[in-house]
Amino acid sequence: MKGSGKAAGSIPAMKQRRVVILGLPPVDALDVIGPVEVFAAANLACGERPAPYSIELVCAGPDVTLESESGIGLKGHRTLETERRANRPIDTLIVTTGFGSTERFDKSAIAWIRKRSQTARRVCSICVGAFALAEAGLLNGRKATTHWRMTQRLAERYPDVQVDPVPIWVKDGNLYTSAGVSAGIDLALALVGEDQGNDVALEIAKNLVLFLRRPGGQAQFSVALQSQRTSGSSMDDLCHWINEHLHANLTTEMLADKASTSVRTLIRMFQRELKTTPARYVEDVRLEAVRRALELGERSIDEIARRCGYGSSDVLRKAFTRRMGVSPREYAQRFSPDSDAAR
């Protein structure tokens, strides 16, 4: 499959890597096309030199036309059956599927994923493709993510998987899982960055007219939105109070007192209703407030730290970098309307 558009950048010569995208129909078409375009752009960036990637779409259905949930068919290179017979080496295996497919995986396809994962350098999933990796047993004892709407279901169905509902993609060893839709593009950019350097990945992002290249630690959606999904619960008032008092010393003991309950009961409430701990929730809300301030172009890290409950700008920087994978300055350069923000 070929990408469109002109890409630029210097890519060192290397052995061509075979990228196989396995579609378990019906797929979300963008989960397939997004990563394909990233690898295709990396090939275009080489100019006259050999392309670094061989990109092949394999359909797990009866023929090479891959059915999508939108009703638009994608023409692949081969079926899983012909791929199985050829048994060619795979550098990077990317598994895609759709929301409607997670209840009825083909057992032979799952067995093939399990077998080929033993020799592939990297094994990845886009969105709910994580269910296929989990079904194959690849995610047991591993950290993983998927679309936020499906994280709880993934955790319940596969209790041995350490599901993190927050990030847009997660790496655990040679296994990569990503959240929904556009997160597959972010993951593909990260893979290219690993192979060829961040400068090349950033140049590809520019040429694909992406606003930025998001790090894996970028949250899928608002923490406040997550808490609102339990609207009407006993947590509503406390979560609202936390959001308005981020500057305070929000210990678990203090929150338990505010909720007129014991620390043990409060922890159980957070686990039951928000699938997290009180301390983790406070940290998530604080970091979200920091991100929002940076995105709006606020300049003073000291002021942001004070308002969001960090003891100092140094404490904020360390917490932010640990979670997001980039410093506040770097984040501001990517997101804020003023690239000189967060000095």
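Between the residues Gln271, Ile185, Pro62, the greatest Cα displacement towards the positive end of the dipole of the chain, with unit charges on the Cβ of Lys, Arg, Asp and Glu, is found for Pro62. Of Ser54, Ser312, Ser117, the residue with the greatest mean-square motion in the GNM of the chain, using alpha carbon springs below 10 Å, is Ser312. Note on Lys275 and Asn198: their simple-model spin labels are 3.0 nm apart, each label 7 Å out from Cα toward Cβ. For the cross-link pairs Lys75/Lys107; Lys15/Lys143; Lys107/Lys143; Lys171/Lys258; Lys107/Lys206, the ones whose C-alpha atoms lie over 32 Å apart are Lys171/Lys258; Lys107/Lys206.
Between Glu69, Glu244, Glu135, the residue with the greatest mean-square fluctuation in the GNM of the chain (Cα pairs under 10 Å linked by springs) is Glu244.
Mind putting a number on the dipole of region 223-335 about its Cα centre? Charges go on the C-beta only, +1 for Lys and Arg and -1 for Asp and Glu, and I need it in Debye to the nearest 20.
Working: 19 positive and 15 negative charges, 84 e Å.
Value, rounded to 20: 400 debye.
Quick one: grab the alpha carbon gyration tensor of region 223-335, order the square roots of its eigenvalues as a ≥ b ≥ c, and give me rounded if a/c is under 1.5, else prolate or oblate depending on whether a/b is larger than b/c. Judged from the Cα gyration tensor, region 223-335 comes out prolate (a/c at least 1.5, a/b above b/c).
For region 17-207, a crude dipole built from +1 on the beta carbon of Lys and Arg and -1 on the beta carbon of Asp and Glu, taken about the Cα centre, is about 580 debye to the nearest 20. Residues Arg322, Arg149, Arg280 in ascending order of nearby Cβ atoms (within 10 Å, fewest first): Arg322, Arg280, Arg149. Using C-alpha pairs below 8 Å separated by at least 6 residues, the relative contact order for region 223-335 is 24 percent. Between Trp169, Trp148, Trp241, the GNM of the chain built on Cα springs shorter than 10 angstrom shows Trp241 fluctuating the most.
Footprinting exposure proxy ranking of Val192, Val64, fewest other C-beta atoms within 10 angstrom first, gives Val64, Val192. At full extension, Ser108 and Arg322 could sit 73.0 nm farther apart than now, given 0.36 nm per residue minus the alpha carbon distance.
Counting only residues at least eight positions apart within a chain, or on another chain, the aspartates and glutamates with an alpha carbon under 16 Å from that of Lys115 are Glu81, Glu83, Asp91, Asp106, Glu135.
Would you work out the charge dipole size for the chain about its Cα centre, treating the Cβ of every Lys and Arg as +1 and the Cβ of every Asp and Glu as -1, and quote it to the nearest 20 debye? Walk me through the numbers on the way to the answer.
Working: 47 positive and 40 negative charges, 175 e Å.
Magnitude of the dipole: close to 840 debye.
For region 21-30, backbone phi angles converted through the Karplus equation (6.51, -1.76, 1.60; θ = phi - 60°) give residue-by-residue couplings of 9, 8, x, 9, x, x, 9, 7, 4, 5 Hz, Gly and Pro being listed as x. Extension gain for Ser54-Arg121 works out to 22.7 nm (0.36 nm per residue, less the C-alpha to C-alpha distance). Note on the chain: antiparallel DSSP beta bridges, both residues inside, total approximately 20 percent of the bridges counted. Between the helical axis of 107-116 and the dominant principal axis of the chain, each derived from Cα atoms, what acute angle in degrees is found, rounded to the nearest 10? Result, in degrees: 90.
When the Cα positions of Leu154, Asn140, Leu296 are compared along the charge dipole of the chain, Asn140 comes out farthest toward the positive end, with charges on each C-beta of Lys, Arg, Asp and Glu.
What do you get for the angle between helix 183-196 and the principal long axis of the chain? Use alpha-carbon atoms, 0 to 90 degrees, nearest ten. Here the helix axis deviates by roughly 70 degrees. Annotation: amide H-H contacts under 5 Å for Ser54 (H modelled 1.01 Å from N, sequence separation of 5 or more, or interchain): Arg17, Arg18, Val19.
Helix-only mean residue ellipticity at 222 nm, the chain, DSSP H runs n ≥ 4 weighted -39,500 (n - 2.57), per residue, nearest 500. What is it?
Result for the chain: -13000 deg cm²/dmol, rounded to the nearest 500.
Between Asn87, Pro328, Leu208, the Cα set farthest toward the positive side of the dipole of the chain (charges on each charged residue's Cβ, about the Cα centre) is that of Asn87.
Rule-based calculations on the coordinates, nothing more; no lab input. What you are looking at is a predicted structure, and each value in this text was computed from that prediction instead of being measured. Here the Cβ is made from the backbone with ideal geometry for all residues, glycine too, and neighbour counts use every protein chain on show.
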